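Visitor: Sharing a structure, written as structure tokens. Questions coming.
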Amino acid sequence: MYILKPTFLLGATTLLSGLLFLGTSCKNQEGSKSKIIGKTEVKVENRRLSPEVLWALGRLGEVSVSPNGKQIAYTVRYFSLAENKGNTDIYIMDVDGSNSKQITATSSSEWNIQWRPDGKKIGFLNTTDNDQGGQIFEMDADGKNVKQISHDKEGIDGFKYSPNSKAIALIKQIKSQASVSDRYPDLDKSSGMIYTDLNYRHWDEWVSHIPHIFIASIENGKVGSLQDILEGEPYEAPVKPFGDISQYSWSTDGKTIVYTSRKYTGKDYALSTNTDIYSYDLASKQTVNLSEAMMGYDQNPVFSPNGQYLAWESQQRDGYESDKIRLILLDLHTGIKIDATKNFDQNANGLSWSKDSKKIYFVSDYHALDQIYALEVASATSNQTPTITKVTDGVHDYTSVFAISNQLLIGTRMSMSYPAEIFSINLAQTNNTTLCEQKQISTINTDLLSQLDMGRIESRWITTTDQKSMLTWIIYPPHFDSTKKYPTLLYCEGGPQSTVSQFWSFRWNFQIMAANDYIIVAPNRRGLPGFGQAWLEQISGDYGGQNMKDYLSAIDALCKESYVDKDRLGCVGASYGAFSVYWLAGHHQKRFKGFIAHDGMFNLEQQYLETEEMWFTNWDLGGPYWDKKNAIAQRTYANSPHLFVENWDTPIFIIHGEKDYRILASQGMSAFNAAILRGIPAELLIFPDENHWVLQPQNGILWQRRFFRFLDKYVKGLSNQDLQKKHHAESSDMQVSAKLSSNKEKNTERKVAQ
């Protein structure tokens with residue numbers, strides 16, 4: 001693979017916050033005109049995190065450990081602002097972090113990386129000019145001898161090797177909805193879509209295809225004919241929107257595949273979370289439901305290395321996405337199922353077996369920190385209270401764990417101060433600060449992060465209105481000076497039941513807010529995990545209730561500090577956090593000077609009929625608004641933010657994506673219209689091509705620029721001159737208007753001349 005590495009110089013004045021690009025590894029493969037997006041060399045002149053620096057950081061993706069435990073393959077994604085897209089390549093290193101090198105450099109991304117079980121090849125997906133969708137490739141561990149082994153016309157979404165490397169189980173999309181041209185061949189250019197039941201759109205797509213799992217042999221280095229293990233079934237396997245290869249597994253003898261599926265369609269699918277674990281026997285082609293009568297989410301099955309057990313993640317109650325995630329252990333010899341975390345008041349995510357099948361490692365959140373835990377299998381299967389021990393400690397979040405040997409784990413870890421990197425966890429060594437010795441072995445962003453000054457992070461327990469203790473993260477600006485007064489932001493978390501832990505976000509990033517000299521107050525209010533199931537569940541049916549009081553308790557407590565300027569407070573949030581912003585806008589009693597709401601629910605009656613996962617609104621809102629006898633539902637709708645617009649008195653910035661089908665853009669537009677009609681200064685940022693997130697680089701930069709411009713104007717109270725000075729990369733509103741007028745005059749002159 002031949003790679004050219006031209007570099008170029010870009011003037012610092014074209015970017016914000018003192019950022020200087022020294023060069024870029026924008027590489028071309030021999031014979032290809034497409035640019036290859038890679039790591040960009042950056043120098044940060046003022047040591048402050050900016051939107052451009054944020055998007056220059058590499059993003060760790062997948063991690064795969066070699067069968068012999070000696071090497072780690074992983075992916076990193078880099079973005080180009082000019083190209084407005086990203087690209088993912090594969091890297092490899094020894095398990096101690098040495099000998100790290102990039103082994104692919106193509107103009108299209110590689111994904112779904114995994115070592116072939118015989119250890120001789122690394123498999124991955126990529127796209128080709130001749131095929132639609134992903135195709136399976138294999139290569140040596142040094143990146144040489146790349147060979148395409150599949151040629152599927154529709155493309156492949158994911159795959160897993162069988163234990164003997166002679167077969168493969170892959171994911172393909174099958175058609176689930178007849179098109180207009182199927183019904184009316186003479187209308188083949190019509191854009192209409194016809195539906196007669198619910199689940200016609202989901203998250204960010206109109207539903208026309210669903211995933212199925214196929215199996216095929218690998219003969220002479222090629223994938224053979226495919227067999228659909230759900231042939232004739234109109235059900236998803238894996239389950240959208242986040243289902244991938246983690247939702248199915250090969251048995252250790254290669255004779256069985258277990259998979260996750262929610263075997264409902266239409267209205268039933270929209271009303272239920274009852275997802276089950278199914279076992280498919282390759283010889284008999286028979287399917288058995290292993291989690292029958294278990295009514296919540298059952299997913300992500302993993303076989304023990306000795307073949308005796310199957311473990312999976314399970315939720316108990318149908319329709320409740322935030323129910324406790326239990327670790328279920330099935331003895332395949334006896335058929336006995338055990339809830340191994342019955343007495344463990346925390347979630348169990350990302351299960352990984354030890355090599356000797358004696359332990360299961362998983363990630364769990366406790367007090368807003370995601371750590372690795374270990375379950376002793378023998379204690380769970382011998383009628384004892386299962387032994388669960390904490391493996392790691394520290395102010396960070398682990399996002400995954402992989403067992404290398406009985407003494408070594410590999411995990412991915414991040415915090416509010418650094419994006420995800422790969423760490424090794426030595427089970428045989430401890431020190432004074434951690435339960436097990438942890439060592440960073442990847443260095444994706446070490447050079448760039450060393451140029452940045454991060455703000456100090458503090459955890460503080462605040463007393464709520466009902467005399468409970470609430471953990472709140474406080475993030476201070478770099479070089480914080482307690483003798484000064486700082487503008488302060490209340491951060492409202494989404495979910496509504498997702499933790500405010502030590503996460504690193506490339507949009508809702510606390511350190512970039514701190515770099516703009518704001519103090520951030522991020523409460524773990526009622527309804528968040530990590531503080532027991534009772535704390536988590538209190539929010540359901542109580543929107544606008546205790547959790548809103550928790551927010552105000554947090555900001556009021558910080559306002560007692562001399563360094564918090566209580567006359568310059570802002571309130572920001574997305575999804576349920578944006579609902580919180582809308583609600584607080586009508587109840588804040590003039591605490592805040594500016595609000596920012598991204599993808600939020602504004603009118604709950606509207607939301608009930610617009611969203612697509614009806615089980616969510618039935619559970620969390622309490623049911624339909626027309627059920628007048630339902631006290632919980634009626635209380636919910638009585639607290640809808642749109643009913644309190646008459647109290648709005650503060651500038652508000654509203655952001656929404658038109659491909660967001662969880663919370664439609666009409667919610668944001670309605671809120672914006674209400675603000676304008678009320679005479680409230682307001683701004684609306686609409687992305688026609690974004691969903692519940694903002695995924696494209698230039699859209700992300702625009703998001704950040706307008707975010708801080710709004711806060712600087714209304715919370716900091718900067719003058720127009722100071723705003724123009726700080727946000728020098730953009731034209732002022734007056735300049736834009738003048739430019740438009742000038743263009744209009746020029747167009748008129750051209751028409752007259754013609």
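The values are calculated or read from the model by the stated rules, or taken from the named source; none is laboratory data. As the structure is a prediction and not an experimental result, all values here were calculated from the model. Neighbour counts run over all protein chains shown; Cβ positions are idealised from the backbone, glycine included. The protein model used for the area step is the full one, side chains on, heavy atoms only, and it has no ligands, DNA or RNA in it. Shrake-Rupley method; radii C 1.70, N 1.55, O 1.52, S 1.80 Å.
Visitor: For the stretch 375-426, how many residues are within 22 Å of the chain's Cα centre (by Cα) and either over 29 Å from Q451 (Cα atoms) or of a type outside the set (S, T, Y) (or both)?
Guide: Of all residues in the stretch 375-426, those within 22 Å of the chain's Cα centre (by Cα) come to 395-402, 410-423.
Then keep just the ones that are either over 29 Å from Q451 (Cα atoms) or of a type outside the set (S, T, Y) (or both); that gives 395-397, 401-402, 410-411, 413-414, 416, 419-423.
Total satisfying the criteria: 15.
Visitor: Would you say Q451 is of a type outside the set (G, A, S), in a loop (DSSP other than H, G, I, E, B), open to solvent by 20 Å² or more (accessible area, probe 1.4 Å) and without any contact (Cβ under 8 Å) to a residue 24 or more places away in the chain? Walk me through it before giving the result.
Guide: Working: of a type outside the set (G, A, S): yes; in a loop (DSSP other than H, G, I, E, B): yes; open to solvent by 20 Å² or more (accessible area, probe 1.4 Å): yes; without any contact (Cβ under 8 Å) to a residue 24 or more places away in the chain: no.
Spelling it out, it is not the case that Q451 is of a type outside the set (G, A, S), in a loop (DSSP other than H, G, I, E, B), open to solvent by 20 Å² or more (accessible area, probe 1.4 Å) and without any contact (Cβ under 8 Å) to a residue 24 or more places away in the chain.
Visitor: Considering only residues that are surrounded by fewer than 20 Cβ atoms within 10 Å (Cβ to Cβ) and assigned to a helix (DSSP H, G or I), which ones fall in the stretch 558-605?
Guide: Correct list: E605 only.
Visitor: If I filter the stretch 331-372 down to residues being in a strand (DSSP E or B) and basic (K, R), which single residue comes out as most open to solvent (accessible area, probe 1.4 Å)?
Guide: Step one: of the stretch 331-372, the residues in a strand (DSSP E or B) are 331, 337-339, 349-353, 359-366, 369-372.
Applying the additional criterion that residues be basic (K, R) yields 337, 359.
Details: K337: 93, K359: 66 Å².
Checked the stretch 331-372; the qualifying residue most open to solvent (accessible area, probe 1.4 Å) is K337.
Visitor: Which ones in the stretch 528-587 are among the hydrophobic types (A, V, I, L, M, F, W, C) and over 30 Å from N673 (Cβ atoms)?
Guide: Let us first name the residues in the stretch 528-587 that are among the hydrophobic types (A, V, I, L, M, F, W, C), namely 528, 531, 534-536, 539, 548, 552, 554-555, 557-559, 564, 569, 571-572, 574, 578-579, 581, 583-585.
L528, F531, A534, W535, L536, A554, A557, L558, C559, V564 - these are the residues of the stretch 528-587 that are among the hydrophobic types (A, V, I, L, M, F, W, C) and over 30 Å from N673 (Cβ atoms).
Visitor: Taking only the stretch 132-167 into account, find how many residues are out of contact with any Lys or Arg (no Cβ under 9 Å at 6 or more places or on another chain), open to solvent by less than 20 Å² (accessible area, probe 1.4 Å) and β-branched (V, I, T).
Guide: 1
Visitor: Can you find a residue in the stretch 111-131 that is part of a strand (DSSP E or B), basic (K, R) and open to solvent by 10 Å² or more (accessible area, probe 1.4 Å)?
Guide: If we filter the stretch 111-131 for residues that are part of a strand (DSSP E or B), which is where we start, we get 111-115, 122-127.
Still in the running and basic (K, R): none.
Looking through the stretch 111-131, none of the residues is part of a strand (DSSP E or B), basic (K, R) and open to solvent by 10 Å² or more (accessible area, probe 1.4 Å).
Visitor: Looking at (1) open to solvent by 20 Å² or more (accessible area, probe 1.4 Å); (2) within 26 Å of Q135 (Cα to Cα); (3) not hydrophobic (A, V, I, L, M, F, W, C), can you tell me which one E45 breaks?
Guide: (2)
Visitor: Follow-up. Taking strands (runs of 3 or more DSSP E) that do not extend beyond the stretch 221-299, which have at least 3 residues that are open to solvent by 30 Å² or more (accessible area, probe 1.4 Å)?
Guide: Working: elements: 248-250, 256-261, 276-281, 287-289.
Filter on the stretch 221-299 gives 287-289.
Rundown of residues vs (1) within 28 Å of the chain's Cα centre (by Cα); (2) under 22 Å from F303 (Cβ atoms), yes/no style:
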| site | (1), (2) |
| --- | --- |
| M139 | no, no |
| K147 | no, no |
| D152 | no, no |
| I156 | yes, no |
| F159 | yes, yes |
| S162 | no, yes |
| K166 | no, yes |
| I171 | yes, yes |
| K175 | yes, no |
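Visitor: Something else: Quick one: which residue in Y608, Y576, Y625 is at pLDDT 95 or above, more than 29 Å from the chain's Cα centre (by Cα) and either closer than 23 Å to R317 by Cα or of a type in the set (V, I, T) (or both)? Lay out the reasoning, then the answer.
Guide: Numbers: Y608 fails: more than 29 Å from the chain's Cα centre (by Cα); Y576 fails: more than 29 Å from the chain's Cα centre (by Cα).
Exactly one residue qualifies, and that residue is Y625.
Residues are listed down the side, and each one gets a yes or a no for (1) more than 22 Å from V63 (Cα to Cα); (2) of a type in the set (K, R); (3) open to solvent by less than 40 Å² (accessible area, probe 1.4 Å):
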site: A380; (1), (2), (3): yes, no, yes
site: P386; (1), (2), (3): yes, no, yes
site: Y418; (1), (2), (3): no, no, no
site: K439; (1), (2), (3): no, yes, no
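Visitor: Taking I474, is it modelled with pLDDT of 95 or more, among the aliphatic types (A, V, I, L, M) and surrounded by fewer than 20 Cβ atoms within 10 Å (Cβ to Cβ)? It would help to see each step written out before you state the result.
Guide: On the way: modelled with pLDDT of 95 or more: yes; among the aliphatic types (A, V, I, L, M): yes; surrounded by fewer than 20 Cβ atoms within 10 Å (Cβ to Cβ): no.
Criteria not met by I474.
Visitor: Now a separate question. Quick one: count up the residues across the stretch 628-655 that are under 14 Å from V581 (Cα atoms) and either buried (at least 17 other Cβ atoms within 10 Å of the Cβ) or within 31 Å of the chain's Cα centre (by Cα) (or both).
Guide: Selection size over the stretch 628-655: 12.
Visitor: Run down L375, L327 and say which single residue is in contact with a strand residue (DSSP E or B) (Cβ under 7 Å, 6 or more places away or on another chain), farther than 30 Å from D620 by Cβ and either open to solvent by less than 50 Å² (accessible area, probe 1.4 Å) or not in a helix (DSSP H, G or I) (or both). Give the steps one after another, and end with the answer.
Guide: Numbers: L327 fails: farther than 30 Å from D620 by Cβ.
Being in contact with a strand residue (DSSP E or B) (Cβ under 7 Å, 6 or more places away or on another chain), farther than 30 Å from D620 by Cβ and either open to solvent by less than 50 Å² (accessible area, probe 1.4 Å) or not in a helix (DSSP H, G or I) (or both) holds for just one of L375, L327, which is L375.
Visitor: Further, regarding this structure: Where residues in the stretch 692-717 are outside any helix (DSSP H, G or I) and in contact (Cβ under 8 Å) with a residue 12 or more places away in the chain, which of them is surrounded by the most Cβ atoms within 10 Å (Cβ to Cβ)? Let's see the steps before the verdict.
Guide: So the first thing to find is which residues in the stretch 692-717 are outside any helix (DSSP H, G or I), and the list is 692-696, 715-717.
Those left that are additionally in contact (Cβ under 8 Å) with a residue 12 or more places away in the chain: 692-694, 696, 715-717.
Working: H692: 20, W693: 19, V694: 24, Q696: 17, V715: 26, K716: 21, G717: 14.
Out of the qualifying residues, it is V715.
Visitor: Among the residues of the stretch 196-218, write down those that are among the aromatic types (F, W, Y), free of Cβ contacts under 8 Å to residues at least 60 places away in the same chain and open to solvent by less than 70 Å² (accessible area, probe 1.4 Å).
Guide: Answer for the stretch 196-218, where residues must be among the aromatic types (F, W, Y), free of Cβ contacts under 8 Å to residues at least 60 places away in the same chain and open to solvent by less than 70 Å² (accessible area, probe 1.4 Å): just F214.
Visitor: Also: Y309 is checked against (1) out of contact with any helix residue (DSSP H, G or I) (no Cβ under 6 Å at 6 or more places or on another chain); (2) within 30 Å of N618 (Cα to Cα); (3) touching a residue at least 60 places away in the same chain (Cβ under 8 Å); (4) open to solvent by less than 50 Å² (accessible area, probe 1.4 Å) and fails just one. What number does that condition carry?
Guide: It fails just one condition, (2).
Visitor: Here is a follow-up. Looking at T430, T392, T399, can you tell me which residue is part of a loop (DSSP other than H, G, I, E, B), among the β-branched types (V, I, T), under 25 Å from S357 (Cβ atoms) and at pLDDT 95 or above?
Guide: After applying the criteria, what remains is T392.
Visitor: For the stretch 502-519, indicate whether the set of residues that are modelled with pLDDT of 95 or more, farther than 25 Å from A585 by Cβ and not in a loop (DSSP other than H, G, I, E, B) is non-empty.
Guide: yes
Visitor: Further question: Given the structure, is T106 in contact with a strand residue (DSSP E or B) (Cβ under 8 Å, 6 or more places away or on another chain), open to solvent by less than 30 Å² (accessible area, probe 1.4 Å), in a strand (DSSP E or B) and of a type in the set (V, I, T)?
Guide: On the way: in contact with a strand residue (DSSP E or B) (Cβ under 8 Å, 6 or more places away or on another chain): yes; open to solvent by less than 30 Å² (accessible area, probe 1.4 Å): yes; in a strand (DSSP E or B): no; of a type in the set (V, I, T): yes.
No: the conditions fail for T106.
Visitor: Here's something else I'd like to know. Every residue in the stretch 606-627 that is touching a residue at least 60 places away in the same chain (Cβ under 8 Å) and open to solvent by 10 Å² or more (accessible area, probe 1.4 Å), please. Even if it seems obvious, please write down each step before you answer.
Guide: Filtering the stretch 606-627 for residues touching a residue at least 60 places away in the same chain (Cβ under 8 Å) gives 606-607, 612-616, 618-622.
Selection gives Q606, E612, E613, M614, F616, N618, W619, G622.
Visitor: Follow-up question, since we're still on this one. Scan the stretch 642-665 and give yes if some residue there is in a helix (DSSP H, G or I), touching a strand residue (DSSP E or B) at 6+ places or on another chain (Cβ under 7 Å) and at pLDDT 95 or above, otherwise no.
Guide: Let us first name the residues in the stretch 642-665 that are in a helix (DSSP H, G or I), namely 642-647, 665.
Still in the list and also touching a strand residue (DSSP E or B) at 6+ places or on another chain (Cβ under 7 Å): 665.
Filter once more, so that each one left must be at pLDDT 95 or above: 665.
Checking the stretch 642-665: at least one residue is in a helix (DSSP H, G or I), touching a strand residue (DSSP E or B) at 6+ places or on another chain (Cβ under 7 Å) and at pLDDT 95 or above.
Visitor: Among the residues of the stretch 356-388, count how many are more than 26 Å from W115 (Cα to Cα) and either without any contact (Cβ under 8 Å) to a residue 40 or more places away in the chain or among the acidic types (D, E) (or both).
Guide: The initial filter retains those residues of the stretch 356-388 that are more than 26 Å from W115 (Cα to Cα), namely 364-371, 375-388.
In the following step, the residues that additionally are either without any contact (Cβ under 8 Å) to a residue 40 or more places away in the chain or among the acidic types (D, E) (or both) were identified as 364-365, 370-371, 376, 378-379, 382-384, 387.
Qualifying residue count, the stretch 356-388: 11.
Visitor: Of the residues that make up the stretch 607-617, is at least one under 29 Å from M513 (Cβ atoms), touching a strand residue (DSSP E or B) at 6+ places or on another chain (Cβ under 7 Å) and not acidic (D, E)?
Guide: Within the stretch 607-617 (the criterion being under 29 Å from M513 (Cβ atoms), touching a strand residue (DSSP E or B) at 6+ places or on another chain (Cβ under 7 Å) and not acidic (D, E)), the answer is no, since none of the residues qualifies.
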